[in-house]
Amino acid sequence: MPSPVAIAPRNVAQWPKWRNNSSLLTNKNTTGYRGTVEDCNPQQFFGVSRFASEQYLRLREKGENVSGLRLIRLVIAVVARRSEISHSNQEFNMPVATRTLRSVHLASRPDAVPTLDNFKVVEDEISSPAKGEFLVRNEWISVDPYMRGRMRDSDSYVPPFQIGEPMEGGCVGRVIESQCPDFNEGDYVVGNMGWRDHWLSTGEGVLKVDAEVVSPQAYLGVLGLTGMTAYVGLNKIGKLLEGGTVFVSAASGAVGSIVCQIAKLKNCKVIGSAGSQAKIDWLKHEAGIDAAFNYHEVADVSAKLKELCPDGIDLYFDNVGGDHLEAAIESMKNFGKIVCCGMISSYNDSEPQPGPKNLFKIIGKRLRMQGFIVRDHMDQTSVFQRDMTQWIKNSKIKWRETVTEGLENAPQAFIDLFTGDKIGKSLVKLS
């Protein structure tokens with residue numbers, strides 16, 4: 001079969017017929033011109049290559065094995081024929097190749113619990129990657145309680161979401177186009193460009209992951225920042241010792257459920273609170289903690305903790321704040337530690353609530369109370385992944401996922417975080 005250089009017609013009007021010849025992309029002999037991308041600028045490259053890109057994607061969607069390298073050689077073969085074909089975008093009337101991008105924007109700032117009116121799904125276009133870039137199609141995105149704070153226009157450890165702009169968050173997807181030597185088509189990557197179906201990157205802040213070890217979405221949960229939050233909070237902030245007594249609020253949540261199990265691996269007595277009987281059953285029978293209570297059915301959390309922890313608490317991992325924090329302070333042992341990870345009970349308050357009325361006991365009990373942000377401790381990544389991967393392989397860690405289908409349903413998945421109905425990590429699966 002002749003090479004693409006010989007086949008490419010000089011007359012642009014003949015290109016539709018030529019580009020329908022899919023054998024150009026699948027035949028192993030069509031190596032064509034072995035040039036380099038430097039032979040043309042990105043606009044010229046994509047203007048001329050649209051015909052090949054469309055055919056390539058069509059074949060890939062059918063499941064045919066088409067080499068990305070063969071496509072690139074084919075396109076460069078056409079571009080390189082400067083003396084025979086003008087590659088002006090205007091002459092060919094071929095714009096830069098684009099895709100439809102769907103993303104969720106913040107439409108307005110909520111005053112209390114968010115509603116669907118605070119979000120808007122927007123369609124736009126996203127171009128193919130330029131030199132040094134790659135394009136990712138998201139498969140999973142994460143919705144997390146901390147995002148509620150970013151919906152406020154206030155100073156924090158992370159900038160607020162802007163009205164009319166796409167929201168951000170953890171995501172895992174596959175590279176579908178690449179002009180970056182460090183990322184290949186088919187690579188699974190984790191980034192912070194959630195709340196959308198596609199995104200471009202140069203690789204900064206993006207991590208390649210092995211989808212053979214665990215399912216890809218686990219890198220948003222147990223093997224991602226969620227699991228690392230539990231690991232860092234217990235080991236580095238709380239300096240958890242073997243055999244202590246640990247109380248975990250929101251124990252069935254994404255972070256809390258991992259905290260419980262790491263503490264059990266250190267032979268600790270673990271008590272957890274959660275919001276439904278199903279969660280209590282999972283904590284006791286699957287996560288293997290010693291005791292758990294439904295805070296909706298307990299009139300006095302402090303009294304309940306004294307009942308379950310008569311000798312006191314060595315470490316409290318706080319995800320809730322409010323009455324849980326006050327109750328924990330009451331039962332803390334001298335020199336105990338309180339690790340402040342989140343305070344979901346107050347995230348939707350329009351006005352700040354008073355703090356625990358027994359806060360003065362921190363002094364008499366010589367307690368150490370510390371908040372933390374996991375991104376301040378990225379030096380722990382390798383040791384965390386080493387330990388967590390080993391625990392997973394040895395079936396020492398279990399986890400649950402609450403999955404919502406479709407990007408358009410991501411706002412509802414986020415709102416559901418504050419109803420207490422979910423177990424484990426909340427994720428949105430994109431089609």
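The values are calculated or read from the model by the stated rules, or taken from the named source; none is laboratory data. From a predicted model like this one, the values you see are computed outputs, not experimental measurements. Virtual Cβ from ideal backbone geometry, glycine too; neighbours counted across all protein chains shown.
Looking across GLY288, GLY272, GLY312, one residue alone is in contact (Cβ under 8 Å) with a residue 24 or more places away in the chain, under 22 Å from LEU234 (Cβ atoms) and out of contact with any Gly (no Cβ under 8 Å at 6 or more places or on another chain). It is GLY288. Against the conditions (1) modelled with pLDDT of 95 or more; (2) surrounded by fewer than 16 Cβ atoms within 10 Å (Cβ to Cβ); (3) over 30 Å from PRO114 (Cβ atoms), GLU212 satisfies every one except (1). Here LEU241 does not fit the description of being in a helix (DSSP H, G or I), touching a residue at least 24 places away in the same chain (Cβ under 8 Å) and not acidic (Asp, Glu).
Counting only strands (runs of 3 or more DSSP E) that sit wholly inside segment 101-209, those with at least 1 residues that are of a type in the set (Gly, Ala, Ser) are 119-127, 134-142, 171-178, 188-191, 198-201. From the list SER128, SER201, SER156, the one residue that fits, being more than 30 Å from ILE262 (Cβ to Cβ) and at pLDDT below 95, is SER128. Listed residues SER128, SER103; which is under 28 Å from THR229 (Cβ atoms), buried (at least 18 other Cβ atoms within 10 Å of the Cβ) and either in the same structural domain as PRO181 (by TED's automatic domain parsing) or charged (D, E, K, R) (or both)? That would be SER103, the only listed residue that is under 28 Å from THR229 (Cβ atoms), buried (at least 18 other Cβ atoms within 10 Å of the Cβ) and either in the same structural domain as PRO181 (by TED's automatic domain parsing) or charged (D, E, K, R) (or both). Restricting the first member to segment 324-345 and to residues that are assigned by TED's automatic domain parsing to the domain that holds ILE237 and buried (at least 24 other Cβ atoms within 10 Å of the Cβ), and the second to residues that are at pLDDT 95 or above and among the aromatic types (Phe, Trp, Tyr), the beta-carbon pairs closer than 6 Å and six or more apart or on different chains are ALA328/PHE247; ALA328/TYR316; VAL339/PHE317. Restricted to segment 346-381, and to residues there that are farther than 19 Å from VAL320 by Cα and among the aliphatic types (A, V, I, L, M), the residue that is surrounded by the most Cβ atoms within 10 Å (Cβ to Cβ) is MET378.
Give segment 253-271 a look and list any residue that's under 10 Å from ILE289 (Cβ atoms) and in contact with a Lys or Arg (Cβ under 8 Å, 6 or more places away or on another chain), or say none. Within segment 253-271, SER257, GLN261, VAL270 meet the criteria. Screening segment 333-431 for strands (runs of 3 or more DSSP E) wholly inside it with 2 or more residues that are under 28 Å from THR245 (Cβ atoms) returns the ranges 368-371. Would it be correct to say that ARG81 is out of contact with any Ser or Thr (no Cβ under 8 Å at 6 or more places or on another chain), outside the structural domain of GLN412 (by TED's automatic domain parsing) and either modelled with pLDDT of 50 or more or not aromatic (Phe, Trp, Tyr) (or both)? So ARG81 fits the description; yes.
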